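Input: a single structure, listed below in structure tokens.
Rule-based calculations on the coordinates, nothing more; no lab input. Everything numeric here is computed off the predicted structure, so don't read it as measured data. Cβ atoms come from the backbone with ideal geometry, glycine included; neighbour counts cover every protein chain shown.
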Amino acid sequence: SQQGEEDPQALSIQEGENATMNCSYKTSINNLQWYRQNSGRGLVHLILIRSNEREKHSGRLRVTLDTSKKSSSLLITASRAADTASYFCATDVGGTSGSRLTFGEGTQLTVNP
Amino acid sequence: EPEVTQTPSHQVTQMGQEVILRCVPISNHLYFYWYRQILGQKVEFLVSFYNNEISEKSEIFDDQFSVERPDGSNFTLKIRSTKLEDSAMYFCASSELDWFAGELFFGEGSRLTVL
């Protein structure tokens, strides 16, 4: 079984529409993070939500976390062509020091102009 | 804005050769990491480093891998004898605070191609 599985694997929408991506995980977590990756580039941190939080906002991003269902969603509102990228959830299963993030397979988002 | 820088951006090497990938983390960060991403696959944790020693490592990080912080700025990943399956994008990351704070800052990656 995999920690951090996103769905859908691919999502294609029109500019201005909202995009929702989901992530499920299997073990207890300390926090869950969402990252973005443009093709061939590095990962960019978007938002972190802690296990005791249920919802968090950052600009056009809204993240929810349901620890009872072990799931999270990332909503991008009013999407733009520049939002085209892969989006990954990453869970932190903790450790004595240092962060060991476990990434999901990602959702490839395409926003058509 | 401070950023993590990695060199080289792309390295091609022959199987069995040693490779060193270099990273300059953000200057006030204390925790350093290497991750890798094989083409078309997900990002995988390799190792975390704090206070001049490895704090965690994955099953991938076997005896062929080592990390070092030789001076106050660089953080290196060495692969002693590369294998074909080591071909991947290697990402360095750093963070200011420990795992509970969690936000990692990633470099643009070093693409390693083993022939």
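Just one residue in the set A:36, A:62, A:41 is in a strand (DSSP E or B), free of Cβ contacts under 8 Å to residues at least 24 places away in the same chain, on the phi < 0 side of the Ramachandran plot and not β-branched (Val, Ile, Thr); that residue is A:62. Does residue B:113 meet the test of being over 20 Å from residue A:100 (Cβ atoms) and in a strand (DSSP E or B)? In short, yes.
Would you call residue B:92 within 14 Å of chain A (Cβ to nearest Cβ), in a strand (DSSP E or B), within 19 Å of residue A:35 (Cα to Cα) and touching a Cys at 6+ places or on another chain (Cβ under 7 Å)? First the steps, then the outcome.
Working: within 14 Å of chain A (Cβ to nearest Cβ): yes; in a strand (DSSP E or B): yes; within 19 Å of residue A:35 (Cα to Cα): yes; touching a Cys at 6+ places or on another chain (Cβ under 7 Å): yes.
Yes: the conditions hold for residue B:92.
Residue check: is residue B:29 under 14 Å from the mean Cα position of the chain (by Cα) and touching a residue at least 24 places away in the same chain (Cβ under 8 Å)? Spelling it out, it is not the case that residue B:29 is under 14 Å from the mean Cα position of the chain (by Cα) and touching a residue at least 24 places away in the same chain (Cβ under 8 Å). Among the conditions (1) over 15 Å from the mean Cα position of the chain (by Cα); (2) under 18 Å from residue B:95 (Cα atoms); (3) of a type in the set (Asp, Glu), residue A:92 misses just one, which is (1).
Here is a yes/no grid of residues against (1) more than 30 Å from residue A:5 (Cβ to Cβ); (2) under 12 Å from the mean Cα position of the chain (by Cα):
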{"position": "B:12", "(1), (2)": "yes, no"}
{"position": "B:20", "(1), (2)": "yes, yes"}
{"position": "B:50", "(1), (2)": "no, no"}
{"position": "B:63", "(1), (2)": "yes, no"}
{"position": "B:68", "(1), (2)": "yes, yes"}
{"position": "B:90", "(1), (2)": "no, yes"}
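Considering the range B:62-100, the residues that are of a type in the set (Phe, Trp, Tyr) and buried (at least 20 other Cβ atoms within 10 Å of the Cβ) include one that is nearest to residue A:43 (Cα to Cα), namely B:91. Is there a residue in the range A:16-30 that is within 29 Å of residue B:110 (Cβ to Cβ), more than 13 Å from the chain's Cα centre (by Cα), part of a strand (DSSP E or B) and more than 10 Å from chain B (Cβ to nearest Cβ)? Looking through the range A:16-30, none of the residues is within 29 Å of residue B:110 (Cβ to Cβ), more than 13 Å from the chain's Cα centre (by Cα), part of a strand (DSSP E or B) and more than 10 Å from chain B (Cβ to nearest Cβ).
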